[in-house]
Every structure is written in C-alpha cells, then in structure tokens.
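The values are calculated or read from the model by the stated rules, or taken from the named source; none is laboratory data. Remember, it's a predicted structure, so these values are computed and weren't measured experimentally. Reconstructed Cβ throughout: ideal geometry from the backbone, glycine too, with neighbour counts over all protein chains shown. Just so you know, the surface numbers come from the protein's heavy atoms only, side chains and all, with ligands and any DNA or RNA stripped out. Shrake-Rupley method; radii C 1.70, N 1.55, O 1.52, S 1.80 Å.
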Amino acid sequence: MSPAGSLRKRSGKEAAAHVVDGGYFENSGTATALDVLSALYARGEKLNPDFVVYVNNDPGEQETSMAEPAHADAHRRLTELMSPIDALLNTRVARGTYSQSLTKEFVEANAPGGDKRRRYFHFGLKQEKFAPPLGWFLSTKSRRDIDAQRRELIQDSPQFQELLAALK
C-alpha cells in the first residue's frame with residue numbers, strides 16, 4: 001500500500017491537505033476515466049472514443065456485467081459486529097464495480113453514429129492456485145504465470161480478437 005502523505009503550503013510550515021492513494025476510495029481507476037470522458041464530452045470536445053480497455057490485475061474478478069455479489073457466510077459468528085466492518089472494507093471494490101459499469105454505459109451511449117459494436121473491453125488475470133503478491137516486485141513464477149495467461153488471451157480470447165478488429 002502506498003503511504004499517506006501531506007501537502008504543505010509554500011511556507012512549508014503547515015499542512016494544506018492530507019492525501020492517500022486513490023485506490024483506497026476506488027480501486028479500478030475507471031471513476032477517473034469516466035470523470036475525464038464526461039468532462040471532455042460536456043465541454044463539447046470532438047471526442048468519440050471508439051472503446052475503453054480496462055485491464056485488471058485482480059485475479060478472478062469477472063467482467064462487471066457478469067459479476068456475482070459475494071454472500072456472507074450464514075454460519076459465521078459475530079455477524080452483527082462484523083457486518084459494518086465488512087461493508088466498510090468492501091466499499092472500495094463496490095465503487096470500482098459501479099464505476100466500471102457507469103464507464104461502460106457512458107462509452108456505449110456516446111458511440112459515434114449509434115454504432116453497436118462492443119465499446120468496453122475488460123481483461124484480467126485468471127484465478128490460479130496462487131495469487132500474485134501486492135506490490136511492484138513479482139517473483140519469477142508470478143511473471144511466468146502472467147506471461148502464460150497473456151499468451152493464452154492473445155491466442156484464444158474472442159473478446160481480444162474483437163479488440164484487434166476495432167483497432168484496425
């Protein structure tokens with residue numbers, strides 16, 4: 001996790017603001033992408049994005065349109081105590097899922113000429129026997145696994161073939 005920080009006033013003596021990584025609020029980056037697209041569209045910019053590509057490094061996360069909500073374990077103890085904590089810890093992912101669906105809808109609704117081709121592409125890692133560690137350094141095994149999944153995606157994914165066709 002990125003450390004928190006402080007922005008200081010020019011005098012350097014007092015803090016102007018305290019900041020943390022935006023991933024604490026929304027972990028996908030699609031909320032920022034949607035803000036940029038919406039602002040450009042509202043200004044009347046000549047912006048007709050052909051597509052948005054969202055690449056996710058969270059193993060096992062499905063495309064938002066197919067994602068199933070997680071259900072609490074009915075046999076878990078201390079449900080009343082843990083539910084608010086669970087809700088707080090899951091808001092980051094929920095905001096990401098929500099912003100992904102809003103971004104997809106925005107790009108498709110603003111497709112030039114009402115073109116009905118796919119406009120939002122979501123690619124990510126498959127759930128494997130182990131999850132890659134958080135952080136910037138990946139083991140050789142993690143890098144090999146990610147490379148193998150990339151090669152498989154390029155060769156076998158109909159969605160990736162659609163993206164290639166859109167790029168032509």
Result of the Cβ filter at 6 Å on region 13-37, keeping first residues that are more than 14 Å from THR91 (Cα to Cα) and partners that are open to solvent by 90 Å² or more (accessible area, probe 1.4 Å) and not in a helix (DSSP H, G or I), at least 6 apart or interchain, is ALA15/ARG8; ALA16/LEU7; ALA16/LYS9; ALA17/LEU7
Within region 73-83, restricting to residues that are under 27 Å from GLY23 (Cα atoms) and open to solvent by 80 Å² or more (accessible area, probe 1.4 Å), the one that is modelled with the highest pLDDT is LEU81
Quick check on ALA87: is it modelled with pLDDT under 65 and of a type in the set (A, V, I, L, M)? no
Scanning region 77-126 residue by residue, the ones that are of a type in the set (S, T, N, Q), part of a helix (DSSP H, G or I) and touching a helix residue (DSSP H, G or I) at 6+ places or on another chain (Cβ under 7 Å) total 5
Over region 14-64, the set of residues at pLDDT below 80, open to solvent by less than 90 Å² (accessible area, probe 1.4 Å), closer than 25 Å to LYS168 by Cβ and in contact with a helix residue (DSSP H, G or I) (Cβ under 8 Å, 6 or more places away or on another chain) is LEU47, PRO49, ASP50, PHE51
Of those in region 109-168 that are surrounded by fewer than 15 Cβ atoms within 10 Å (Cβ to Cβ) and hydroxyl-bearing (Ser, Thr, Tyr), the residue modelled with the highest pLDDT is SER157
Pairs returned, first residue in region 137-162 that is more than 21 Å from ARG118 (Cα to Cα), second residue that is modelled with pLDDT under 90 and of a type in the set (D, E, K, R), beta-carbon separation under 7 angstrom, 6 or more apart or interchain, are ASP145/GLU128; GLN149/LYS126
